[in-house]
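Okay, so here's the structure we're looking at.
Every read-out reported here was derived from the displayed coordinates using simple, explicitly stated rules and does not represent laboratory data. Everything numeric in this text was worked out from a predicted model, so none of it was measured. Cβ sites come from the backbone with ideal geometry, for glycine too, and all protein chains shown count toward neighbours.
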Amino acid sequence: MENDFADLGSTSSLPPDSPQPAAPFSPRADFSRLQASADAIRRELGKVIVGQQALIDLLLTAILADGHVLLEGVPGVAKTLTAKLLARTLDVPFSRIQFTPDMMPSDVLGTSIFRPNSAEFEFRPGPIFASVVLIDEINRAPAKTQSALFEVMEERHITQDGTTYPMQEPFLVLATQNPIEQEGTYRLPEAQLDRFLFKINVGYPTTAEEVAILQGHHAGFGGTPLEAVSTVLSAADIRALRQQVRQQHVEPKLLEYIAQLVGNTRAHKALYLGASPRASLALLNGAKALSALRGRDFVTPEDVQFLAPAVLRHRILLTPEREMEGTAPDDVVKQIIQQLEVPR
Amino acid sequence: MPPLRRSCCALLLLASLGEPLVAESQSLAPRQLQLAAAPEQVSLRRPTAERLKALRSQRELQYEMEPVPQTSAWDSFWYRFRRWLGRLLNRPAYQHGWRYLVYGAFLVAFVFIVLRLLKVDLTGAFGRNPQRMPLAYTTEGEDIHAVDFPARIAEAEAAGDYRLAVRLGFLSVLKQLTDRGLLTWRPEKTNADYLAEVPAGPLHAAFGQVARQFEYAWYGELPLTAAQYALAREARLALLQLLTPHAA
């Protein structure tokens with residue numbers, strides 16, 4: 001199940017070469033605006049990014065599902081660049097935080113400073129106060145700083161000196177980390193990993209895509225890529241599209257299917273820790289957003305199966321024996337999917 | 001005790017011990033001489049045949065092992081079990097309280113066997129994860145080989161439950177394609193998986209249309225009128241007609 005490398009561009013759970021639906025077997029909602037926006041973002045990112053379609057589509061799904069994304073990949077596969085370009089397509093405040101080992105929570109959240117003129121403390125917001133926050137190399141900050149993100153990522157506000165400061169909608173954290181380098185890094189706590197809607201494994205491009213990257217660079221397009229990307233969606237647009245996604249229809253048996261899928265991670269022999277109910281919610285919200293991107297007003301088991309690895313892989317812990325054997329979390333998720341009957 | 005009296009006692013003791021030793025050595029010498037002179041006078045006594053037969057018939061003088069009767073493994077197990085049980089019950093400790101432990105063990109074993117027969121899952125009580133409980137899926141309907149589709153579809157149509165009729169119609173199509181070897185039925189597969197198995201051509205397109213109609217009707221919970229259901233039924237029948245050359 002190469003979910004991370006599949007194309008989400010089809011307008012159904014069925015492949016795009018299937019005949020287009022005719023009434024009454026057609027969407028009851030208008031997804032033209034949503035799909036036009038998604039296509040425009042893909043187009044804008046395609047000006048700079050070669051390939052990585054699955055990454056872009058999962059990022060779009062996360063934006064619509066109102067969830068944070070953790071991008072994991074080796075250096076040089078355009079994790080940070082993709083996140084920066086995606087932020088440029090959204091007409092919302094953007095900030096980037098480079099996590100370092102000496103970073104303190106106040107460097108992220110903000111701090112209160114004393115004003116001699118008024119003899120009062122004044123809160124100076126930190127870089128977290130933006131709509132799209134790119135946290136580069138999130139695992140380089142110690143657990144103390146990482147823990148500062150718990151409240152803001154889940155509850156969308158921070159509390160400082162007894163005062164609560166809400167984030168503005170949309171609020172999206174895009175974090176990157178390198179899976180290979182271990183020196184000078186701190187493993188993210190499970191509680192924080194659970195707050196990411198998706199963990200997307202960013203892989204290497206294909207040979208053809210790499211040739212295209214080389215051709216573009218050789219032709220001189222490698223110098224000024226960021227300015228070529230235009231804004232597509234405003235904050236109000238994003239809020240409206242999210243509202244539409246929330247109204248997606250989910251058949252009751254599919255809710256049971258999601259619950260069973262996530263619940264089976266808690267009883268699997270290869271897993272030391274299963275996924276939490278927050279994973280079920282993430283899978284539901286993600287599937288609703290994905291089905292809307294695919295042009296349907298209802299969720300299918302295909303949507304759930306497609307997103308399961310991205311939703312579950314960072315929320316489960318393998319037993320030490322399986323870890324030493326080289327089993328990957330995706331293998332276990334795939335096995336769980338294969339053992340579960342699709343409601344039909 | 002004075003030294004003089006002590007010396008006298010010692011002498012008396014030595015005298016009393018030494019006298020029999022001398023007497024013994026004197027009595028041994030004539031017997032050895034008698035034996036040395038006796039061999040030609042020794043007469044061997046042989047038992048008579050009757051005497052040998054009588055001796056052989058005595059149980060104490062029969063040294064051959066009795067043949068062990070051939071028993072099955074099951075009989076051997078029960079023999080050993082009864083022997084073990086007999087030993088256990090005859091122990092003195094059993095009479096003082098251990099018997100209650102044995103009663104308890106037998107009771108637990110009995111309860112365990114009954115629960116196993118009733119298929120009651122008690123693994124959660126022992127700190128282990130319980131077995132997965134099946135969802136309330138209509139698994140009978142999912143087993144496409146165990147459903148009488150024409151009758152069930154006719155029932156759904158008669159009841160006006162067109163959504164169910166579309167679902168049953170789609171499952172019947174899956175059964176037809178499976179029977180013809182055009183796809184492999186597995187409950188965990190999605191419609192896209194099935195569509196990928198159907199060979200390209202008119203059949204592929206027709207199956208895609210039927211699958212899409214099923215998804216909208218079933219997952220989308222589309223309320224269908226009789227006229228709208230007629231479209232789905234027509235598409236299904238058209239697909240089944242395409243299957244005829246494959247059957248041939």
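Brief remarks follow.
- Taking label points 7 Å from Cα along the Cα-to-Cβ direction, A:GLN168 and B:GLN41 give a separation of 14.2 nm.
- Helical content of chain A, expressed as a calculated mean residue ellipticity at 222 nm, amounts to -12500 deg cm²/dmol (DSSP H runs of 4 or more residues, -39,500 (n - 2.57) each, divided by residue number, nearest 500).
- Residue-by-residue Karplus 3J(HN,Hα) for the range A:249-265, coefficients 6.51, -1.76, 1.60, Hz, glycine and proline x: 8, 10, 5, x, 5, 6, 5, 5, 4, 5, 4, 5, 4, 6, x, 5, 5
- Rounded to the nearest 0.05, the FRET efficiency derived from the C-beta distance between B:TYR79 and B:ALA105 at R0 = 25 Å is 0.75.
- Note on chain A: GNM, Cα springs under 10 Å; of A:ASP107, A:ASP91, A:ASP161, the largest mean-square fluctuation is that of A:ASP161.
- Charge sum, other residues only, whose C-beta stays under 14 Å from A:PRO252's C-beta, Lys/Arg counted +1 and Asp/Glu -1: 0
- Square roots of 5 times each gyration tensor eigenvalue, C-alpha, the range A:248-344, largest first, Å: 25, 12, 11
- Loop-located trypsin sites (Lys or Arg not before Pro) across the range A:255-321 with a Cβ neighbour count of 11 or fewer within 10 Å are A:LYS269, with loop assigned by DSSP.
- Max mean-square fluctuation residue, GNM over chain A, Cα-Cα springs under 10 Å, options A:GLN168, A:GLN305, A:GLN177: A:GLN168
- Near A:GLN98, the amide H atoms lying under 5 Å from its own belong to A:ASP136; only residues 5 or more places off or on other chains count, and H is placed 1.01 Å from N.
- As computed over the range A:130-248, the Cα convex hull volume per residue (Å³): 191
- Shielding of peptide B:187-197 by partners, expressed as the average count of other chain Cβ atoms within 10 Å per residue Cβ, is 6.
- Cα gyration tensor, chain A - rounded (a/c under 1.5), prolate or oblate: rounded
- Three-way shape call for the range A:74-128 based on the alpha-carbon gyration tensor, with the a/c threshold at 1.5: oblate
- On the basis of the beta-carbon distance and an R0 of 22 Å, A:HIS217 and A:ARG96 show a calculated FRET efficiency of 0.40.
- Taking θ as phi - 60° and the Karplus parameters 6.51, -1.76 and 1.60, the scalar couplings of the range A:206-219 work out to 6, 4, 5, 5, 5, 4, 4, 4, 5, 4, x, 5, 5, 7 Hz in sequence order, x denoting glycine and proline.
- Computed over the range B:191-243, the alpha-carbon pair-distance distribution with 10 angstrom bins reads 25, 52, 22, 1, each value a whole percent.
- Within the listed set A:ALA287, A:ALA208, A:ALA240, the Gaussian network model of chain A (springs between alpha-carbon atoms below 10 Å) gives the highest mean-square fluctuation for A:ALA208.
- Peptide B:209-216 has a mean shielding of 6, counted as Cβ atoms of other protein chains within 10 Å of each residue's Cβ.
- Legend: mean number of C-beta atoms from other chains within 10 angstrom of residue C-beta atoms, peptide A:26-37, equals 1.
- Extension gain, A:GLU321 to A:PHE123, is 66.4 nm, computed as 0.36 nm per intervening residue step minus the present C-alpha separation.
- B:LEU89, B:LEU164, A:LEU58, B:LEU242 arranged by Cβ crowding within 10 Å, fewest neighbours leading: B:LEU89, B:LEU242, B:LEU164, A:LEU58
- Taking 7 Å steps out from each Cα toward its Cβ at B:GLU197 and B:ARG56 produces label points 8.1 nm apart.
- Lys/Arg +1, Asp/Glu -1 at C-beta; chain A dipole; positive extreme among A:PHE121, A:VAL77, A:TYR257: A:TYR257
- Average Cα contact separation per residue, chain A, under 8 Å, 6 or more apart, as relative contact order %: 24
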